[in-house]
Amino acid sequence: GGSGAVQTDLLRARMRLSLQEHLWEFYREKVNIPGEEQATARRAALDICAELRVFLHAKLPDMPLREMYLSGSLYDNLQVVTADHAQLMVPMILEKNLWSFVPGEDTIMNVPGFWLVRRENLEYFPRGSSYWDRCMVGGYLSPKSVLEVFDKLVAGSINWPAIGSVLDYVIRPVVPSETLTLEVQYDMDRRLYVDFLPLLVMEDGGSLIAKPHRLAAERHENLWRQSFRVAETAHLRALDQEDGGCRCTCLKLAKAVCKLNAALQRLNASQLTNAILLLSETEGDWTPEALADRFLQLLRSLVGHLEAGRLPCALNPKVNLLCELLEPEVDELGYTLYCALSDPEGLLRT
Ligand code: GDP
């Protein structure tokens, strides 16, 4: 009867209230990283970046690069749980008349969000006219080959033990690594992983990174990955600033939950950010009081995206952010999140 319904409503309200409290407690105790820890990690990354700049300028003055810089969640206050990784961006300079960008949907692979970089005008400007011709494979600039060039340098010819002892860190290249990664032990029990990420900036401002397609069959080998990270992070932050919202907090909670639960580790920051951006298109109330509701709604929307096998990038809906997951992985993520809907606090007990 009526009173039963009221009882259920009350019960639901009470559960939501306590979820809200548990989320904030989890945020304070697990998600948020103390300022001092972040500062130490940033300093270690900066020291490494400075060393690499000096080395590359001295050793390869002709290599057409713009200044390297650090980026990632550690610099956007979006890193969670431990300050343990950063990206070192390495912007490459390409001659405009020698290289062109071909969107993935216009290629035989038909993958939006990935691009080919084609060498042009070879008849007038033969091989060798561009510094980066050495990384050309089958007429295209190969991200794999670019990474190999840097790998030889960074892992092969820099004396990291010597530099490390000067800086008082233990530095070693991680092998094997899909991208090029340095491990920096900057305290007895603290480690920072710095990914070396070559980057191309297109004329329209879009950027491509040398991070291979995860299901890199041979035919995917020459694909560059379009990065939307800067724009999507800025968009999320701007929305929060307009309405004093809790989207970034919600993102950090979700990132921590995925980092701490083995079954959810395949979900990354970009997928979670975009799921929140898509939710923001229809959901207006992001006040901190609504955090638990929005968090649950985020989980529900992720279940929906996984069921559909599709999570469009908010900035380019043609891009499916689930396209690098295998079907069993999609199923496992969906199942885990579906179960979490009836016991969301279980996600916080890790
Ligand atoms: P977190 O690693 O989960 O804290 O998330 P981030 O927001 O720091 O994203 C880092 C990941 O995004 C790495 O796997 C990068 O390879 C990838 N990525 C894609 N584009 C970019 C970019 O423009 N900058 C950085 N720093 N990382 C990018």
Leading residue by the ranking (farthest from the ligand (Cβ to nearest atom)) among those in region 189-232 that are within 30 Å of Leu279 (Cβ to Cβ) and acidic (Asp, Glu): Asp204
If I ask for residues that are within 21 Å of Glu67 (Cα to Cα) and among the aliphatic types (A, V, I, L, M), which ones from region 166-205 would you list? Leu180, Leu182, Val194, Leu197, Leu199, Leu200, Val201, Met202
Residue pairs qualifying under the 6 Å Cβ cut-off, at least six apart or on distinct chains, with the first in region 309-330 being among the β-branched types (Val, Ile, Thr) and the second being assigned to a strand (DSSP E or B), are Val319/Cys313
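May I ask you to list the residues in region 215-252 that are assigned to a loop (DSSP other than H, G, I, E, B), under 20 Å from Leu78 (Cβ atoms) and either open to solvent by less than 40 Å² (accessible area, probe 1.4 Å) or modelled with pLDDT under 95 (or both)?
Phe228, Gly245, Cys246
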Which pairs turn up if I take residues in region 119-136 that are in contact (Cβ under 8 Å) with a residue 60 or more places away in the chain and closer than 18 Å to Pro64 by Cα and look for partners that are of a type outside the set (Val, Ile, Thr) and open to solvent by less than 40 Å² (accessible area, probe 1.4 Å) with beta carbon separation below 7 Å, at least 6 apart in sequence or on another chain? Tyr131/Met63; Tyr131/Pro64; Trp132/Met92; Trp132/Leu94; Trp132/Leu141
Can you confirm whether region 143-156 contains a residue that is assigned to a strand (DSSP E or B) and open to solvent by 70 Å² or more (accessible area, probe 1.4 Å)? no
Across region 106-121, the tally of residues that are open to solvent by less than 70 Å² (accessible area, probe 1.4 Å) and over 21 Å from Glu324 (Cβ atoms) stands at 3
Right, Tyr140: open to solvent by 40 Å² or more (accessible area, probe 1.4 Å), touching a Lys or Arg at 6+ places or on another chain (Cβ under 7 Å) and of a type in the set (Ser, Thr, Tyr) or not? yes
Given Gly334, Gly309, Gly304, Gly284, which one is more than 23 Å from Ser18 (Cβ to Cβ) and exposed (fewer than 13 other Cβ atoms within 10 Å of the Cβ)? Gly284
Out of the residues in region 178-188 that are under 18 Å from Met89 (Cα atoms) and either among the acidic types (Asp, Glu) or open to solvent by 40 Å² or more (accessible area, probe 1.4 Å) (or both), state the one that is nearest to the ligand (Cβ to nearest atom). Glu178
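Quick one: which helices (runs of 4 or more DSSP H) sit completely within region 2-110 and have at least 1 residues that are closer than 30 Å to Ile158 by Cα and of a type in the set (Val, Ile, Thr)?
Passing ranges, in order: 35-59.
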Search region 189-214 for residues being charged (D, E, K, R) and open to solvent by less than 60 Å² (accessible area, probe 1.4 Å), and hand back the single one that is modelled with the lowest pLDDT. Arg190
For region 57-88, enumerate the residues that are touching a strand residue (DSSP E or B) at 6+ places or on another chain (Cβ under 9 Å), farther than 23 Å from Gln185 by Cβ and buried (at least 16 other Cβ atoms within 10 Å of the Cβ). Met63, Leu65
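The values are calculated or read from the model by the stated rules, or taken from the named source; none is laboratory data. Keep in mind the model is a prediction, meaning the values are calculated, not measured. Virtual Cβ from ideal backbone geometry, glycine too; neighbours counted across all protein chains shown. Just so you know, the surface numbers come from the protein's heavy atoms only, side chains and all, with ligands and any DNA or RNA stripped out. Shrake-Rupley method; radii C 1.70, N 1.55, O 1.52, S 1.80 Å.
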